[in-house]
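Just below is one structure, and these are the notes that go with it.
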Amino acid sequence: MAVSRWARPSRHRKLISINNVCFSRYDLMNRSPGKVVMHQTPIRLSRRTFLRGTGAAIALPWLNAMAQGSPTDASMPPVRFGCLYFPNGAFMANWTPTTTGTNYQLPSSLAPLESVKDKLLILSGLDKKNSHEGDGHYAKTANFLTGLHVNKTTGREISAGGTSMDQLMAQKVGNRTPLPSLELGIDPIVSGVDTNVGYTRLYASYIAWRGPNVPVAREINPRAVYDRLFASKDTSARAADDDRSLLDAALGDANDLRNRLGRDDQVKMDEYLESVRAVEKQIEFSTRSGGRDWTPLTQPTDFAAPEARIPSDYQKHVRLMLDLIMLSFWTDQTRVATFMFANDVSPRNFSQYIAGVKGGHHEMSHHQNNADKIRQYSLINRWHTGEFARLLERMRDVSEGESTLLDNSMILMGSGMSDGNRHDPANLPILLAGGGGLTLQTGRHISYPQGTPLCNLHVSLLDRMGVELPRFGDSTQRLAELDA
């Protein structure tokens, strides 16, 4: 498969002006002198259509005709990518379906996903060869989105091997949204050294890496995330800010002040304004070369700002964070997000949330083939997939023209190991949901040969975000079986 296959088509359309009204050439059916005769089929208008008069160009408001445009139309929703990471692996006998293809039954740990089964891909057989060396947890968490070797260190020379796939996506599409990416979690960052294995505990806290030695900070306070996404500005104010230069907005006041200054200060003022302009040009979202290339068709109206404090209820905390990811995608505040249910080696006790579970998560993952521990371990896996299902259902309910927010997203969920009792990085528990902009054929269980690199999936998803790489991590090829 050619790498460029999934590059998004150009959103620019040639406009033809007739009687000062600007049409796309696709919108013109038959024309006689002095008038435009439209075919009975509903017309399709570009989102960039303007009504032009003498010395003015008036943009049209959102019309239904704009949602019916061709795939090259600027109204086409963008593709989003999200990754949900859960710690301590999964008991694979209760995770993996016994048959492949579309005619399969969801096993007990995946049962909550029945309502979104048609939007789901279960991928088994995927492996991280660079996690077969090292300790049980840290060398398997930090490289979940890099696929590369994790340097054994007590903290001075941390390295996850390279830039994570989500950050490569953010580099590609982040100039089109207010936030290039969003990194969320539940647990605070853990520092210090795990003396049992000789690794810094920092590795358990990060899956997003701006570079091999630079993890991306996570936010764990829902209110801080909400303020970062929406602050106190309404959507109309944000839209206006998107379209104007910050310096231009203040230039009138700056010129008035300059006229009252002496010559030396005027020179200093000019130098200052030039410096501001130079910085502004580096911020692609604030310049004409960047900014929004798509406008959400609807806006959420029923989500209240979270309380200032971090919720003490773990499930409430998780749901708030996942709701914020959904909102950030829906309102096009970002198109790339990652979330960690907990730091790896998490001892969280789920007895408050799951009937029949009494021990800590990490303890249950070391089940030693004890039937009761396996039962509790599997129920914890089921709890995580239940929260995943809730997110997918909410995304499926957001309409984007003839598709949905889920249709236009790729939501990856998984862990850095399979059976936590063996700390096994082979046959990882990997789920992928959403249509990827109608490029993914969902509703299937695909079983790959043992040892297939997880990075084969990563490079396939990078393609769909327009990141063109010959390979990523330890990838060997694209997963053509995903294609719609």
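Tell me whether segment 160-180 contains one or more residues that are of a type in the set (Gly, Ala, Ser) and more than 16 Å from residue 210 (Cβ to Cβ).
Narrowing segment 160-180 to residues of a type in the set (Gly, Ala, Ser): 160-162, 164, 170, 174.
Subsequent filtering for residues that are more than 16 Å from residue 210 (Cβ to Cβ) retains none.
No; the residues of segment 160-180 include none that is of a type in the set (Gly, Ala, Ser) and more than 16 Å from residue 210 (Cβ to Cβ).
Every residue, every condition in (1) free of Cβ contacts under 8 Å to residues at least 40 places away in the same chain; (2) in a loop (DSSP other than H, G, I, E, B); (3) surrounded by fewer than 19 Cβ atoms within 10 Å (Cβ to Cβ); (4) among the β-branched types (Val, Ile, Thr), yes or no:
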residue	(1), (2), (3), (4)
416	no, yes, no, no
419	no, yes, no, no
432	no, no, no, no
438	no, yes, yes, no
449	no, no, yes, no
452	no, no, no, yes
455	no, no, no, no
460	yes, no, no, no
475	no, yes, no, no
Taking segment 462-473 and the residues there that are of a type in the set (D, E, K, R) and part of a helix (DSSP H, G or I), the one that is farthest from residue 392 (Cα to Cα) would be 463
Per the list (1) in a helix (DSSP H, G or I); (2) of a type outside the set (Ser, Thr, Tyr); (3) within 30 Å of residue 304 (Cβ to Cβ); (4) modelled with pLDDT under 95, residue check on residue 189 breaks on (1)
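For segment 324-343, indicate whether the set of residues that are assigned to a helix (DSSP H, G or I), assigned by TED's automatic domain parsing to the domain that holds residue 139, in contact with a strand residue (DSSP E or B) (Cβ under 6 Å, 6 or more places away or on another chain) and not polar (S, T, N, Q) is non-empty.
Taking segment 324-343 as the starting set, the residues that turn out to be assigned to a helix (DSSP H, G or I) are 324-330.
Still in the list and also assigned by TED's automatic domain parsing to the domain that holds residue 139: 324-330.
Okay, now just the ones that are also in contact with a strand residue (DSSP E or B) (Cβ under 6 Å, 6 or more places away or on another chain), so 325, 328-329.
Those still in the list that are not polar (S, T, N, Q) too: 325, 329.
Taking every residue of segment 324-343 in turn, at least one turns out to be assigned to a helix (DSSP H, G or I), assigned by TED's automatic domain parsing to the domain that holds residue 139, in contact with a strand residue (DSSP E or B) (Cβ under 6 Å, 6 or more places away or on another chain) and not polar (S, T, N, Q).
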Flagged in segment 192-202 as among the β-branched types (Val, Ile, Thr) and either outside any loop (DSSP other than H, G, I, E, B) or touching a residue at least 60 places away in the same chain (Cβ under 8 Å) (or both), in numbering order, are 193, 197, 200
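Quick one: is residue 394 in contact with a helix residue (DSSP H, G or I) (Cβ under 8 Å, 6 or more places away or on another chain), closer than 25 Å to residue 349 by Cα and part of a helix (DSSP H, G or I)?
Working: in contact with a helix residue (DSSP H, G or I) (Cβ under 8 Å, 6 or more places away or on another chain): yes; closer than 25 Å to residue 349 by Cα: no; part of a helix (DSSP H, G or I): yes.
Considered against the rule, which asks whether it is in contact with a helix residue (DSSP H, G or I) (Cβ under 8 Å, 6 or more places away or on another chain), closer than 25 Å to residue 349 by Cα and part of a helix (DSSP H, G or I), residue 394 comes out as no.
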If we keep only residues of segment 134-174 that are free of Cβ contacts under 8 Å to residues at least 40 places away in the same chain and under 15 Å from residue 204 (Cα atoms), then the residue surrounded by the fewest Cβ atoms within 10 Å (Cβ to Cβ) is 151
From the option list 121, 106, 84, 113, single residue qualifying as modelled with pLDDT of 95 or more and crowded, with 24+ Cβ neighbours inside 10 Å is 84
Check your understanding: Could you say whether any residue in segment 380-395 is polar (S, T, N, Q) and at pLDDT 95 or above?
Key -> yes
Problem - Verdict on residue 195 being modelled with pLDDT of 90 or more, within 29 Å of residue 136 (Cα to Cα) and out of contact with any Cys (no Cβ under 9 Å at 6 or more places or on another chain) - result: yes
Considering only segment 434-455, I want to know if a residue exists there that is modelled with pLDDT of 95 or more and either outside the structural domain of residue 322 (by TED's automatic domain parsing) or of a type in the set (D, E, K, R) (or both). yes
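Which ones in segment 91-125 are among the hydrophobic types (A, V, I, L, M, F, W, C) and assigned to a helix (DSSP H, G or I)? Spell out the reasoning first.
Taking segment 91-125 as the starting set, the residues that turn out to be among the hydrophobic types (A, V, I, L, M, F, W, C) are 91-93, 95, 106, 110-111, 113, 116, 120-123.
Within segment 91-125, 92, 93, 110, 111, 113, 116 qualify.
The values are calculated or read from the model by the stated rules, or taken from the named source; none is laboratory data. Everything numeric here is computed off the predicted structure, so don't read it as measured data. All Cβ positions, even for glycine, are placed from backbone atoms using ideal geometry, and neighbour counts span all protein chains on display.
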